[in-house]
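Below is one structure, written out as structure tokens, with a few remarks after it.
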Amino acid sequence: MDRFYLDKNDVLLLIVDIQERLVPAMKPDVKDAVFKNCGHLIELSKMLNIPTVLTEQYPKGLGPTVNEIKDLLPEYRPIAKLTFSCCEEPDFLREIKKLNKKTIILAGMETHICVLQTCIGLLKEGFNVHLVSDAVCSRAKANWRTAIEFMRDAGAVITCTETVLFQLLKVAGTEEFKTISKRIR
């Protein structure tokens, strides 16, 4: 059961490949929801001192991370990669292992390509993965759905933004709770 729990002291947020030339291929309402939900996750991560790792797939071709995400980050230090799985990029695994966290909160795009392959790689490396289903997207809903089922079958915990937020907050009444509650209304 331990893999289903989130402890703010043992998690990191991973945002995969939300880039300038990839975003236009997504449906506007879906990408907007991903931006909003990633924003909530980033804001709580900053409040709780949870590390955030950002990747970019072939930035020369797909461009940098979109401003809607980049501008929220405490610092912009993307890990560039050519491989679809972040885990196949040596700099990525070095960075993740250096942070010494057991659980990865996973968001980004595209769900059925880079997010899926990264999830499988992280599971293989022994991490617990919480895939935030409303903070990932694909060009086609069928691809998104298939990828979600694939990752669940592989051992990822499928969750949503509000579940992650309130699992990490644990209690009502704190300043962090008040701030996040206002954000999600």
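Since every read-out is calculated from the coordinates, none of them should be taken as a lab result. Keep in mind that this is a model prediction, so the values were computed, not measured. We place every Cβ from the backbone using ideal geometry, glycine too, and count neighbours over all the protein chains shown.
Placing unit charges on the Cβ atoms only, positive for Lys and Arg and negative for Asp and Glu, gives region 2-184 a dipole magnitude near 40 debye about its Cα centre. Membrane-span-like helices of the chain, defined as complete DSSP H segments with a Cα extent of 27 Å or more along the helix axis and a mean Kyte hydropathy of at least -0.5, are identified as 28-47.
Looking at region 2-184, the DSSP beta bridges with both ends there are about 5 percent antiparallel.
A simple rule links phi to the HN-Hα coupling: the Karplus curve 6.51 cos²θ - 1.76 cosθ + 1.60 with θ = phi - 60°, which for region 102-108 gives 8, 10, 10, 8, 10, 9, x Hz, with x for Gly and Pro. Ranked by how many other Cβ atoms sit within 10 Å of their own Cβ, fewest first, the residues ILE158, ILE113, ILE96 fall in the order ILE158, ILE113, ILE96. Gain on full extension, evaluated as 0.36 nm per residue between LYS170 and ARG185 minus their Cα-Cα distance, stands at 3.6 nm. The alpha-carbon of LYS101 sits under 22 angstrom from the alpha-carbons of these lysines, leaving out residues fewer than 8 places away in its chain: LYS8, LYS46, LYS81, LYS124, LYS170.
With a ≥ b ≥ c the root eigenvalues of the C-alpha gyration tensor of the chain, is it rounded (a/c under 1.5), prolate (a/b larger than b/c) or oblate? Please report the intermediate quantities before stating the final value.
Working: a/c = 1.34, a/b = 1.20, b/c = 1.12.
Here the chain falls in the rounded category.
Sorting CYS160, CYS137 on the 10 Å Cβ count, fewest up front, what's the list? Walk me through the intermediate numbers first.
Numbers: CYS160 14, CYS137 29.
Lowest to highest Cβ neighbour count: CYS160, CYS137.
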